[in-house]
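**Q** This structure is in structure tokens; I'll ask about it shortly.
The values are calculated or read from the model by the stated rules, or taken from the named source; none is laboratory data. Given the structure is predicted, the values throughout are model-derived calculations rather than measurements. Please note: Cβ atoms are built from the backbone with ideal geometry, for glycine as well, and neighbour counts cover all protein chains shown.
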Amino acid sequence: MKKDVLLKIENVNSGYGSTTVINNFSFSLNKSQILCITGRNGMGKTTLIKTIIGLIALRSGSIIFKNEDISKLNSSSRSIKGIGYVPQGREIFSSLTVEQNILMPVFTRKAFKYGVKNKLRDIYNLFPVLEEKKNNNGSSLSGGQQQQLAIARALIFNPEIIILDEPSEGIQPSIVSFIGETLKKLSNSFDTAFLVVEQNIAFISQLKSDCILVNKGSNVKTLTASQLSSVEKARELLSLESH
Amino acid sequence: MATILETQSLTKKFGGFTAVDEVSFNVQQGEIRFLIGPNGAGKSTFFKLIIGNHEPNSGTILFKNLNIEKLKMYERIKLGMGVKFQTPSVFSELTVLENLNLANNLNQLINIENVLKDFSLVNEINILAGDLSHGKKQWLDIALATLSKPELVFLDEPTAGLSFEETEKTSEIVKKLNKQGITFVIVGHDMDFVKQTASKVSVLHLGKIFFEGSVSEVLSNNGVNDIYLGIS
Amino acid sequence: MKKIITLIITSFLSIILFSNVLFAETIKLGILEDETGNFAIAVIPKIHAYELAVKEINAKGGVLGKKLEIVRYDTQSDNTRFQEFARRLIEKDKVDVVFGAFSSASREAIRPIIDKAKMLYFYNNQYEGGVCDKNVFVTGAVPEQQFSTLVPWLMEKYGKNVYTIAADYNFGQISAEWVRQIVKENGGTMVGEEFIPLDVSQFSQTIQKIQAAKPDVLMTLMVGAKQASFYEQQAAAGLGIPMGTSVNVGQAYEHRRFAPPALENMYVTVNYIEEVHSVITSGEYHEKSKDFMARFKAEYPDEPYVNMEAANAYNAINIYALAVEKAGTTEKAKVIEALESGISFDGPSGVVSIDPKSHHGSHTIFLVEVGKGHKVSIPKVFKDVQPYWLGEAGCNLPEKADYSQYTPSKPPKS
Amino acid sequence: MLNLIKKNKLPFISFLILSFFPIFIDSYYLSNISYFMCWTFISLGLALIWGIGGVLSFGQTVFFGLAGYSFAVISINFLGVVGVGIWSVFLALLITSLFGLIVGYFLFYGGIYDVFIGIVTLAITLVLETFLQQTAGPEYTIGTARLNGFNGMQGMPTIGFQELKYGRLEGFTQYYFILTLAILALILLYKFKNSKLGLIFLATKEDRNRVASLGYNVQKVQLIAFVISSLLAGISGILYTNWGGYITPSSMGLVSAALPVVWVAASGKKDFFSVFIGTIFLVWLSQMLAINGAQFAIIAMGLILVISTRFFPDGIILMFKNKLIEKVKWLQS
Amino acid sequence: MIMLFNIVYQFGDALSFLLLSAIGLAVIFGMMKIINLAHGEFITVGAYGTVVSAKAFNLPLPIAMAFGVIITIIFGLILEKLIIRHLYGRPLDSVVATWGISLIVSQSFLVIFGPSLEGLQTPLGNFKLGDYSYSEYRIFLIFFAFILLGLLYILFMKTSFGTLARATIEKPEIASSMGVNISNVYSVTFAIGAGLAGITGALYAPTMTVVPSIGQAFIVSAFITVVTAGASPFIGLIPAASFLSAVQTSVTFYYKATIGIIALLFSVILIIRFLPKGFSGLITKEK
């Protein structure tokens, strides 16, 4: 283990009602690292993410973020600690303008009021289309623009980690690859770590990151970036043929 | 082969914005036609115009040589169409079986077991559809659209959120149903799925048909690359 | 937590279920009054008056040697409750007589049940008049008693142009009809008439309509708490036209509850209000009212106001007791016969006699003026005012049983 | 039939008990329970469109009132004509369902949904209430029947065969008639729910558009259910009018309009049997509280409603029913 | 000229009544989707708070009004914590609970304060134009209604709190995962709604008969105004209330008040039919 571990998940169990979805799941994520999580549907990827950000209660195990056990905190407190979230399906606030969507997380953080203008400038430089439409309603954006907005909304408060759930879903290929490049750039230049749940192999191999394969709520194997360098090879390694 | 669906100068405006701009489009019987294009190109609007969710501002829609643009959605469906919308919209408070029974809109004798087998839903027959995994919801949704063996089926993003294995399986299902006589028009972004499945691809851009051709023609077209695929 | 709550609810219900107690043989008086809901304000003194009368009669040994016993239900100002409880009184409690109801609608709600069961019923409220029913006796005042005294007096004092605003339902419409007729008989002119739904509580438009018509006298036949808001609003707008009414002051004592000048310059005819003994400083009415008030306040010291319906309720119980005494039985037909023989009771505001033909009572009518600072004066007293109209119009209950309600435009003879 | 009983032991037993009730109770309780049962039909109708189809109508009382008034007007006009008490019921129900058809057509084919349906039906019932309140004058006479404004109508004949000894809907006859009608209504409602039409209607609650995309005329299905529910509300209105010999505009007021919604929601809107029992229970409860609770009756009623929604979101009667079936093995099918 | 002023005065008076009836409900029902049948009782709390404190402590009216509003806010906060917060996302269940609350509140007031309170005098005076006289307080109410609505628009559409509130109500889970303390946002938003209803109660208390059922005078007007205002109540309220009061006052002027009310209800039905998104939909032209 490296010294600068940012997020550490240990033996996590969680689920809905009487069914357990996540079984003794463990992994860790370092500063400015990009880590993918993949696997078939219904295997618990989204449940895992929601457990980490606090939308689903943890049954046992621990979630350590910046050397602090955050598993007892509610989701808003975890967010304040520095966890950003880009939900599946973007979940843009349709009644807010684009700029209000971006700034919304800042309004709950007193400490971030200063310097927010510069941060906003950075974000607009990163995603120029958002500046163009900053006074439009969130609902008026196309899918690809909404995905950029969802990332911008997570970036605004300088979180140490951003968790993305299926960022390529329903997005045209050119924007998917643009988003991939943006994530890499951010992890390099801003030291932001990314945890990406993804099923799009091309996108995974573009990110050049390690990847955890999930099956039935458990961590099956971890593949390194080099193993996933080509799409064909990745496909082979990530397939869960007949168990 | 006969033309099953044809639109002539189909136009839809929202306020000052023209979402679908004089699109003339036709599909032959037996095709698996893909409709791709950038986000906001008008694919979903176009698709909703054909099935009757939106009313066009002008233009005509011919299905089996019948003018259908004045018909309500359910009337068009009864003529022999099937639909799956973008987000999986199965009836979450009904069981899988009840969902399938509901989809049997002509009260035909249908071998439900075969359908369940085709869509890998055999073990979930009495489960509430809301409790299915995302992938199984997608399949159930396609099953609903195709159950009563319509001649033409529209699928909007049938593989969104599916793993590549599930995508392959979906492709097999579509091809199997196609062999049984169902013509497909599929909207989607998943180029893997397109490559595995399509017999012909139409690219929509800014409300117009930008390019039409086979998969390889589309992939090698520079214009399509610029506006959509982004492979440099 | 859920278990505890379930337990509480269950035990609560079982207490309710088994709390009915049996009583020894008495004369049972069923009372249906709105202890809660919209009409509670005017009805609570009425309930106390029933209780006072019963207590006094029982203290004197009861009637025919039997004690009077009240069986009372809270009808919650809800017509369906009246129906439910009228049946309960008749079929389960097997009462000898029913008293009660405030609004005309609630009286009409129970009349079919009363008539079907041939129950004896006393309605003790001022109302729009016209009930000609073999089983029903009315001790409240009716329009001919209140308007034939009030309207001519007002017209003489202030002028002949009259404007009426009235609640848009039976009471208001029929009362307005009476006003119209009396104004015409006395050579006046109706310069306007407006009917207002019971739900209306805002009156700016009404006030301006009145100002446009420039009346000398404004008749305000407004009913309920929402419509009573008119008075504050007309005062705030500075309307300043003398007003006359048959309902306010005497029922819900608005002159006490509203800050002046809301009701200044208001004239009402009532058959009783508690000020009778303090405003009239000597004589018969002073003495009787003072005595009644003293007994009432001894029993209910917190009563905010003893209104005319309290006096009517008090009279009703006493009239019934006299009739039973006279008939020598509580058998309904005999009691009705006794009542039709002309029973009189000397009550808080003088003698009330039952008119055999119409089953309504005669009254002393006090013309009340609400002056500056809501100071009450009584410029005129009308003695022994008869409920003449129904009898003249053709209602003759001892001769011909009837079960209807009539209006001036639809009298019994037509 | 046997199968039906086997599958529904609890309702069957309840109805068995209800049908033997008259042996044990006196005429007052008989008429009082009949009265409680009068209200169950409007609740069942609301449970049909709201519990199954997700359509919350806040103005079912308009059908209640319309049926009551139609029955009163028709039967008074033809007093003395043979069988008036019976065929005027059918005419009144015909008028009510025609009105239900018009309102339903306006709602569903006009594209009105969700809370807007509630407001539109509430507005319609308040219009009728406001109009009827001011019809005291002689000009508001239909044939020989005076509408009589706020004070309400009376003088209609008792439903039934006037000549026969037990031919009129009062006492025993009334009790058994209403009970039979309720059982019939419940069976038909369950039949509807389990039919294809019922399945379609149930599905419209979740996603109308998807149902239409499966080739069904959603509006037509909703309209059919709405007309059935207006008819049921009408049955309540006529039974109530007959019970008290009286109908008044206030049965269409805001308070009256809210009551069925409260009964249905507090009982458990998804289950017809719970709604049937719950309506009887809640009407009885509020009467008992009024008799014994004095000033605190209304407060207690309010508390019960608040607590039941807070702790038993699916309805208190449905919760009890499920608990009972869970505990008593024998009741399970 | 006087006639014109009369028309404006009558119309403005009806308009301000609709606006002030609806203003608290616009937040609680329009935004938060709680079908609050106890809205009238919130107004009652404001009215009683005002009158009781004015009489008991001999407070000047504006201070008593502020007191009434504060009491309503506290009342709203307690209610939110105990009951309402369990009803978010269950709008139809809120019907039963709020109905229960309304029964409890109005009956408790009857038990505690008796059937009626001694009234307050309407503040300010009156002035005359020709044959007509006008209450100055009524004119104040018209202006106040507009100012209050403007402030509310700014609060919910322009401030950071408003952004958080709208975001939380639209997608509570997502807002929470962005760091919003949604339980506080809900409480505060609900309390604002309650407080606004309290303001209505406080403002109308000196002009009406203060009885436990005083709130019932507002409830129907409140619901029809908010519903016809549409999805963005703060944008739609003024046009909705203007249209409805124009219909009501003109019909009442030419016919009578009963027909005015019937016309009002009919126009609500027609607005819902032909403007399914309400008046705010007409303005924002949403797709």
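**Q** Out of (1) within 20 Å of D:Asn209 (Cα to Cα); (2) charged (D, E, K, R); (3) assigned to a strand (DSSP E or B), what's the single condition that is false for B:Glu75?
**A** Failed condition: (3).
**Q** Also, quick follow-up: I need a count of the residues in the range B:106-145 that are away from chain A (no Cβ under 12 Å), in a loop (DSSP other than H, G, I, E, B), within 23 Å of the chain's Cα centre (by Cα) and of a type in the set (A, V, I, L, M, F, W, C).
**A** Total satisfying the criteria: 4.
**Q** If you don't mind, another one. Here's a check for you: in the range A:6-21, which residue that is modelled with pLDDT under 90 and in contact with a Ser or Thr (Cβ under 9 Å, 6 or more places away or on another chain) is surrounded by the most Cβ atoms within 10 Å (Cβ to Cβ)? Give the steps one after another, and end with the answer.
**A** Keep residues of the range A:6-21 that are modelled with pLDDT under 90, which gives A:15-21.
Among the residues that remain, those that are also in contact with a Ser or Thr (Cβ under 9 Å, 6 or more places away or on another chain) are: A:15-16, A:20-21.
On the way: A:Gly15: 17, A:Tyr16: 12, A:Thr20: 15, A:Val21: 21.
Across the range A:6-21, the extreme among qualifying residues is A:Val21.
**Q** Let me ask something else about it. Can you tell me how many residues in the range B:139-176 are under 21 Å from B:Asn99 (Cβ atoms) and without any contact (Cβ under 8 Å) to a residue 40 or more places away in the chain?
**A** The number of residues fulfilling the criteria is 6.
**Q** With the requirement that a residue be of a type in the set (A, V, I, L, M) and crowded, with 18+ Cβ neighbours inside 10 Å, what does the range D:304-333 give you?
**A** D:Ile304, D:Leu305, D:Val306, D:Ile307, D:Ile316, D:Ile317, D:Leu318, D:Met319 - these are the residues of the range D:304-333 that are of a type in the set (A, V, I, L, M) and crowded, with 18+ Cβ neighbours inside 10 Å.
**Q** Is it true that B:Leu5 is in contact with a helix residue (DSSP H, G or I) (Cβ under 9 Å, 6 or more places away or on another chain) and free of Cβ contacts under 8 Å to residues at least 40 places away in the same chain?
**A** no
**Q** A follow-up question, please. Of the residues C:Pro242, C:Pro260, which is more than 14 Å from every other protein chain (Cβ to nearest Cβ), touching a helix residue (DSSP H, G or I) at 6+ places or on another chain (Cβ under 7 Å) and farther than 30 Å from C:Ala316 by Cβ?
**A** C:Pro242
**Q** Here is a list: C:Tyr267, C:Tyr272, C:Tyr305. Which entry is among the hydroxyl-bearing types (Ser, Thr, Tyr), within 13 Å of another protein chain (Cβ to nearest Cβ) and either assigned to a loop (DSSP other than H, G, I, E, B) or within 23 Å of C:Ala167 (Cβ to Cβ) (or both)?
**A** Matching residue, one of C:Tyr267, C:Tyr272, C:Tyr305: C:Tyr305.
**Q** So which residues in the range E:172-213 are outside any helix (DSSP H, G or I) and within 14 Å of chain A (Cβ to nearest Cβ), if there are any at all? Write out each step before concluding.
**A** First pass over the range E:172-213, keeping only residues outside any helix (DSSP H, G or I): E:178-181, E:208-213.
E:Met178, E:Gly179, E:Val180, E:Asn181 - these are the residues of the range E:172-213 that are outside any helix (DSSP H, G or I) and within 14 Å of chain A (Cβ to nearest Cβ).
**Q** Another question, if that's okay. Can you report the number of residues in the range B:86-105 which are facing chain D (nearest Cβ under 9 Å) and either among the acidic types (Asp, Glu) or surrounded by 22 or more Cβ atoms within 10 Å (Cβ to Cβ) (or both)?
**A** So the answer is 7.
**Q** Being over 29 Å from C:Ala40 (Cα atoms) and free of Cβ contacts under 8 Å to residues at least 60 places away in the same chain is true for just one of E:Thr189, E:Thr249, E:Thr258, E:Thr228. Which residue is that? Quick ask: steps written out before the conclusion?
**A** Numbers: E:Thr189 fails: free of Cβ contacts under 8 Å to residues at least 60 places away in the same chain; E:Thr249 fails: free of Cβ contacts under 8 Å to residues at least 60 places away in the same chain; E:Thr258 fails: over 29 Å from C:Ala40 (Cα atoms).
Being over 29 Å from C:Ala40 (Cα atoms) and free of Cβ contacts under 8 Å to residues at least 60 places away in the same chain holds for just one of E:Thr189, E:Thr249, E:Thr258, E:Thr228, which is E:Thr228.
**Q** Same structure, new question: For the range C:357-401, what are the residues that are on the phi > 0 side of the Ramachandran plot and not in a loop (DSSP other than H, G, I, E, B)?
**A** C:Gly373, C:His374, C:Asp384
**Q** For residues that are touching a residue at least 24 places away in the same chain (Cβ under 8 Å) and either at positive phi or in contact with a Lys or Arg (Cβ under 8 Å, 6 or more places away or on another chain) (or both), tally how many sit in the range C:279-305.
**A** Within the range C:279-305, residues that are touching a residue at least 24 places away in the same chain (Cβ under 8 Å) and either at positive phi or in contact with a Lys or Arg (Cβ under 8 Å, 6 or more places away or on another chain) (or both) number 4.
**Q** Pick from the range E:112-131 the residues that are closer than 22 Å to D:Ala300 by Cα and in a loop (DSSP other than H, G, I, E, B): which of them is nearest to the other protein chains (Cβ to nearest Cβ)?
**A** So the residue we want is E:Pro115.
**Q** Return the residue satisfying two criteria in turn: it lies in the range C:401-413 and is more than 15 Å from C:Asp115 (Cβ to Cβ) and not β-branched (Val, Ile, Thr), and of such residues it is modelled with the highest pLDDT.
**A** Within the range C:401-413, the subset more than 15 Å from C:Asp115 (Cβ to Cβ) is C:406-413.
Pick out the ones that are also not β-branched (Val, Ile, Thr) and you get C:406, C:408-413.
Numbers: C:Tyr406: 89, C:Pro408: 84, C:Ser409: 81, C:Lys410: 82, C:Pro411: 85, C:Pro412: 83, C:Lys413: 71.
Only one residue tops the list, namely C:Tyr406.
Rundown of residues vs (1) among the hydrophobic types (A, V, I, L, M, F, W, C); (2) more than 14 Å from chain B (Cβ to nearest Cβ); (3) in a helix (DSSP H, G or I), yes/no style:
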| position | (1), (2), (3) |
| --- | --- |
| D:Thr180 | no, yes, yes |
| D:Lys191 | no, yes, yes |
| D:Ala212 | yes, no, yes |
| D:Leu232 | yes, yes, yes |
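**Q** Somewhere in the range D:6-18, is a residue closer than 30 Å to D:Gly65 by Cβ, within 13 Å of chain C (Cβ to nearest Cβ) and under 21 Å from the mean Cα position of the chain (by Cα)?
**A** Looking for residues that are closer than 30 Å to D:Gly65 by Cβ, within 13 Å of chain C (Cβ to nearest Cβ) and under 21 Å from the mean Cα position of the chain (by Cα), one finds none in the range D:6-18, hence no.
**Q** Residue check: is D:Phe64 assigned to a helix (DSSP H, G or I) and either of a type in the set (A, V, I, L, M) or within 14 Å of chain C (Cβ to nearest Cβ) (or both)?
**A** Yes; evaluated as a whole, the condition is true for this residue.
**Q** Would the range C:223-231 turn up any residue that is more than 7 Å from chain E (Cβ to nearest Cβ) and free of Cβ contacts under 8 Å to residues at least 40 places away in the same chain?
**A** Let us first name the residues in the range C:223-231 that are more than 7 Å from chain E (Cβ to nearest Cβ), namely C:223-224, C:227, C:230-231.
Now narrow it down to the ones that are free of Cβ contacts under 8 Å to residues at least 40 places away in the same chain: C:231.
The answer is yes; a qualifying residue exists.
**Q** Out of the residues in the range D:148-168 that are crowded, with 23+ Cβ neighbours inside 10 Å and assigned to a loop (DSSP other than H, G, I, E, B), state the one that is nearest to the other protein chains (Cβ to nearest Cβ).
**A** D:Gly152
**Q** Another question about this same structure. Among E:Phe109, E:Phe67, which is touching a Ser or Thr at 6+ places or on another chain (Cβ under 6 Å) and either assigned to a helix (DSSP H, G or I) or of a type in the set (S, T, N, Q) (or both)?
**A** Within the list E:Phe109, E:Phe67, the selection yields E:Phe67.
**Q** Can you tell me how many residues within the range E:144-170 are crowded, with 17+ Cβ neighbours inside 10 Å and free of Cβ contacts under 8 Å to residues at least 24 places away in the same chain?
**A** Counting residues in the range E:144-170 that are crowded, with 17+ Cβ neighbours inside 10 Å and free of Cβ contacts under 8 Å to residues at least 24 places away in the same chain gives 6.
**Q** Now a separate question. Checking the condition of a type in the set (Lys, Arg), in contact (Cβ under 8 Å) with a residue 24 or more places away in the chain, facing another protein chain (nearest Cβ under 9 Å) and outside any strand (DSSP E or B), which residue from D:Lys321, D:Lys269 passes?
**A** D:Lys269
**Q** How many residues are in contact (Cβ under 8 Å) with a residue 40 or more places away in the chain and either of a type in the set (Ser, Thr, Tyr) or closer than 18 Å to C:Tyr403 by Cβ (or both) if we restrict to the range C:338-353? Spell out how you get there, then give the answer.
**A** If we filter the range C:338-353 for residues that are in contact (Cβ under 8 Å) with a residue 40 or more places away in the chain, which is where we start, we get C:339-340, C:346-350, C:352.
So of that shortlist, the ones also either of a type in the set (Ser, Thr, Tyr) or closer than 18 Å to C:Tyr403 by Cβ (or both) come out as C:339-340, C:349.
The total comes to 3.
**Q** Testing D:Ile119 on (1) modelled with pLDDT under 90; (2) surrounded by fewer than 21 Cβ atoms within 10 Å (Cβ to Cβ), one condition comes back false. Which one is that?
**A** Condition not satisfied by D:Ile119: (2).
**Q** With the structure loaded, tell me whether C:Phe230 is over 22 Å from C:Ala49 (Cβ atoms) and within 23 Å of the chain's Cα centre (by Cα) or whether it fails that test.
**A** Spelling it out, C:Phe230 is indeed over 22 Å from C:Ala49 (Cβ atoms) and within 23 Å of the chain's Cα centre (by Cα).
**Q** Any chance you could count how many residues in the range A:110-159 are β-branched (Val, Ile, Thr), under 17 Å from A:Arg90 (Cβ atoms) and away from chain B (no Cβ under 14 Å)? Break it down into steps so the answer makes sense when it comes.
**A** Taking the range A:110-159 as the starting set, the residues that turn out to be β-branched (Val, Ile, Thr) are A:116, A:123, A:129, A:151, A:156.
Imposing the further condition that a residue be under 17 Å from A:Arg90 (Cβ atoms) reduces the set to A:123, A:129, A:151, A:156.
Of the ones still in play, those that are also away from chain B (no Cβ under 14 Å) are A:123, A:151, A:156.
Count: 3.
**Q** Would you check if A:Pro167 is over 26 Å from A:Asn41 (Cα atoms) and either at pLDDT 90 or above or in a loop (DSSP other than H, G, I, E, B) (or both)?
**A** No; evaluated as a whole, the condition is false for this residue.
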